[in-house]
Structures are given as C-alpha cells and as structure tokens.
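Undergrad: Right, I'll just put the structure down here and ask away after.
No lab work stands behind these numbers, since they all come straight from the coordinates. Quantities reported herein were computed from a predicted structural model and do not represent experimental measurements. Every residue, glycine among them, receives a Cβ derived from its backbone with ideal geometry; neighbour counts consider all protein chains shown.
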Amino acid sequence: MHQLLVAALAREGMSIDDVQFIQMDIPKAFAALESGRADVALLAANTVIKAQESGGRIIATAEGLAVPKLAVAASETFIKNHPDRLEALLQAHDKAAAWIAANHDKAVAMGAEEQGVDIPTAEKLFAWSHFTQRFNQADLESMNDDLAFMLENGMMRARVDPRDIVLPCAME
C-alpha cells in the first residue's frame, strides 16, 4: 500500500516528502481517518466500504498504479525440509478455491459473517478480490516494479530476480 501511495503521489507530481506519512496498520489508519486525526488513509477491503458509508471518498485505487499480489511465503529451509507440508498447503488452497467456486453463495455468506458485513457488501468485496491460485507471467513481470520500488525506498538491500523467489508450483 506504501507503493500505491507513492505511485498516486507521483501521478499528481508529488512525492512522499510532500505529505506527512505515518506508518500504521489498516485498522489504525481507518480509526485515525474516522476520528479526524488523519486527512487521508491507506485502506483495503471492508474498511474502504466503511469509510465510504461514513462519507469518505476514494481518491485513488491500485488500478494503473500498482498490481496487488498476495502470496504465501516460506523460508528456503522450510521448503527444503518440509516438501510434504508445502504440498499439503497447496492442496488445501486448491481444495478451498474449488469449494468457493462451487459454493459461491455459501462462501460469500461465510465471508460476510467473518467480516461483519451484509451479503451485498460481501459480494462487493468478493468481486474486488481478484483471487487466483497461481501467479502468471504478467504477475512475475509486475514484480519487477515492486522490487524496484522496494530498492528505491530502502526496503531491500539487493536486487532479486522474481523467477528466483517464486517456486514453479506457484505458477500457472
């Protein structure tokens, strides 16, 4: 989300130095926005909807600025020492995705209950999720932008090739 902020500012001819950026997690950012202690917050999922319900407006989304990716990560040691657990994890994820695809209404209802939102809001969140089971080539290519951002902002010390950090089993 930090990357989204920097990209949105750059699109407007600004930099991170033009704002008073305070690092905080999403619930704290939402609370700061709701209490008036922050003018803008980086939010995701149901906090975006809650902010809109309270009169907030979306001023930027990731569209055209960053390609969000969620991934399960493991250490090289874990991957080497526990291939059976890695395989079990992948099978569980695939089984869950298949169940969600076959039971959309039940899955959305479960999500609504977990998030404390109504069914229409859960449907909206589901539509926003763009959930996939595996990375594709475009995801790997967009990781180069992510890695460049992290290098430029001191979040990484050395350049990494995305193909070296994504296991073949994580690809389509």
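Undergrad: Regarding region 147-166, can at least one residue be identified that is among the polar types (S, T, N, Q) and touching a Pro at 6+ places or on another chain (Cβ under 8 Å)? Step through it out loud before you land on a result.
TA: First, the residues of region 147-166 that are among the polar types (S, T, N, Q): 153.
Narrowing further to those that are touching a Pro at 6+ places or on another chain (Cβ under 8 Å): none.
No.
Undergrad: Given the conditions (1) on the phi > 0 side of the Ramachandran plot; (2) more than 16 Å from the chain's Cα centre (by Cα), report the number of the one that ALA45 does not fulfil.
TA: Only one criterion in (1) on the phi > 0 side of the Ramachandran plot; (2) more than 16 Å from the chain's Cα centre (by Cα) is unmet by ALA45, namely (2).
Undergrad: Can you give me the number of residues within region 43-60 that are within 16 Å of LEU4 (Cα to Cα) and loosely packed, with under 10 Cβ neighbours inside 10 Å?
TA: Residues meeting the conditions: 2.
Undergrad: What pairs come out if I take residues in region 68-96 that are farther than 30 Å from ALA7 by Cα and pair them with residues that are of a type in the set (Phe, Trp, Tyr) whose C-beta lies under 8 Å away, six or more apart or interchain?
TA: ARG85/PHE78; LEU86/PHE78
Undergrad: Just checking: which of the helices (runs of 4 or more DSSP H) contained wholly in region 1-78 hold 3 or more residues that are within 30 Å of GLU113 (Cβ to Cβ)?
TA: 26-35, 46-53
Undergrad: Taking only region 27-54 into account, find how many residues are under 21 Å from GLU123 (Cα atoms) and aliphatic (A, V, I, L, M).
TA: Final tally of qualifying residues: 6.
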